[in-house]
Amino acid sequence: MSSTAAAAGATDVDGAAARDEPVLLGRALYDRGVTPGRTGNLSRVVGERILMTPTNSCLGRLHPDQLSVLGRDGTHLEGPPPSKEVVLHLALYETQPQARAVAHVHSTHAVAFSCLDDLDPDDVLAPLTAYYVMRVGRLPLVGYLRPGDPGLGAAVVAAGSPCVLLAHHGSVAAAPTLEAAVDAVEEIEETASIALLLRHHPHHPLTPAQADALRS
């Protein structure tokens with residue numbers, strides 16, 4: 001493919017460059033066990049449209065021709081119906097200026113951690129690793145609402161962060177690229193796993209000064 005054709009594909013919902021990325025990243029998430037069964041959803045902005053994984057789809061078995069196409073307001077334009085979690089994606093696109101992609105997964109350790117008592121809803125995971133701080137930063141906890149509930153959008157907006165943990169549900173991350181959004185939900189899962197391993201053992205997170213140095 002020529003560089004001109006590749007560039008066109010990146011900004012065209014019918015271009016291979018735009019459609020292949022969610023398929024490949026969805027399969028990677030599935031193969032790593034981050035999004036089991038028919039769970040999780042991905043989206044990315046392509047020009048004036050949004051490409052999104054369809055409702056009831058398995059991220060390990062996506063096909064480029066079977067993605068949903070939405071308007072920026074969420075109107076379903078082409079393809080199969082989008083994931084019922086579309087409200088999460090739209091809320092982040094509307095309120096996070098840098099967001100051009102969103103990843104949402106129901107990963108095991110992050111969901112388990114969200115069910116614990118005595119969590120800080122303003123920042124649910126401690127800064128245990130450098131990459132967690134760099135890729136995620138602050139992670140608010142949003143109280144339980146059923147998947148697809150229209151109130152989830154408002155709750156995510158109120159959280160005021162590109163990365164959020166949904167109680168009894170999973171994590172969601174917005175980023176400038178789909179690869180970065182996927183990196184963030186994977187980092188949340190890994191850090192939740194570490195936090196559960198350490199929960200009943202003496203341990204210390206990064207200091208505020210160490211975390212601030214990473215953020216800057």
Tally of residues being surrounded by fewer than 22 Cβ atoms within 10 Å (Cβ to Cβ) and touching a residue at least 60 places away in the same chain (Cβ under 8 Å) across region 61-89 | 3
Check on residue 104, part of a helix (DSSP H, G or I) and open to solvent by less than 30 Å² (accessible area, probe 1.4 Å) | no
Of the candidates 211, 184, 173, 130, the one satisfying the condition of being over 20 Å from residue 105 (Cβ atoms) and surrounded by 15 or more Cβ atoms within 10 Å (Cβ to Cβ) is 211
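The values are calculated or read from the model by the stated rules, or taken from the named source; none is laboratory data. As the structure is a computational prediction, the values presented were derived from the model and not from experiment. Because the Cβ atoms are built from the backbone with ideal geometry, glycine has one as well, and the counts that use them run over all protein chains shown. Ligands, DNA and RNA are stripped out before the accessible areas are found, and what is left, the full protein with its side chains, is counted by its heavy atoms. Shrake-Rupley method; radii C 1.70, N 1.55, O 1.52, S 1.80 Å.
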